[in-house]
1. Among A54, A59, A43, A72, which is surrounded by fewer than 17 Cβ atoms within 10 Å (Cβ to Cβ), aliphatic (A, V, I, L, M) and assigned to a strand (DSSP E or B)?
2. Could you say which residue among G78, G31 is among the small types (G, A, S), under 16 Å from the mean Cα position of the chain (by Cα) and assigned to a helix (DSSP H, G or I)?
3. Between a residue in the stretch 44-55 that is of a type outside the set (A, V, I, L, M, F, W, C) and any residue that is surrounded by 14 or more Cβ atoms within 10 Å (Cβ to Cβ) and in a strand (DSSP E or B), which pairs come within a Cβ distance under 8 Å, given they are 6 or more apart or on different chains?
4. Would you mind finding the one in I83, I26 that is of a type in the set (V, I, T), within 27 Å of L107 (Cβ to Cβ) and assigned to a helix (DSSP H, G or I)?
5. Show the residue pairs meeting these rules: Cβ distance below 7 Å; 6+ apart or different chains; first residue within the stretch 88-103 and without any contact (Cβ under 8 Å) to a residue 12 or more places away in the chain; second residue buried (at least 16 other Cβ atoms within 10 Å of the Cβ) and assigned to a helix (DSSP H, G or I).
Amino acid sequence: MGVVTPFPNVGRPGQVAFERPELNRILDLYGRMVAAGHWRDYAIDLGRDVAVFAAFRRATERPEFRVEKNPALRNRQGMWALIGEAGQVVKRGHELGPVLAPIERRLMKLVED
């Protein structure tokens, strides 16, 4: 039987990381955006205060969107934030699903009868 290797940086004190269900939800959305031709690259930054998932149209640009997890804001504005390309906060909240909703709306297509 194989050996299970833990996700890097999980469990280190003072390190913020994405939990498996959170990362699965984000990567699922990323995969659908890649299949639709919107995104081509991503980056993950696991810092002391904030964990960031950044999605890029091309690797040489600024990220089109950043999903940030900041546990220090858990009891205030919510620990999840969706940041746009220019640095503006697009959506903020306590749960990941509603914060990702503006990106998921881009995948919807109008179907005529």
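What follows is calculated from the coordinates using simple rules that are stated; it is not laboratory data. Because the structure is predicted, anything quoted here is derived from the model rather than measured. So basically every Cβ, Gly included, is an ideal-geometry build from the backbone, and we count neighbours across all protein chains shown.
1. Answer to the selection: A43.
2. Exactly one residue qualifies, and that residue is G31.
3. D45/A51; D45/V52; D45/A54
4. Answer to the check: I26.
5. If the second residue must be buried (at least 16 other Cβ atoms within 10 Å of the Cβ) and assigned to a helix (DSSP H, G or I), the pairs left are K91/V99.
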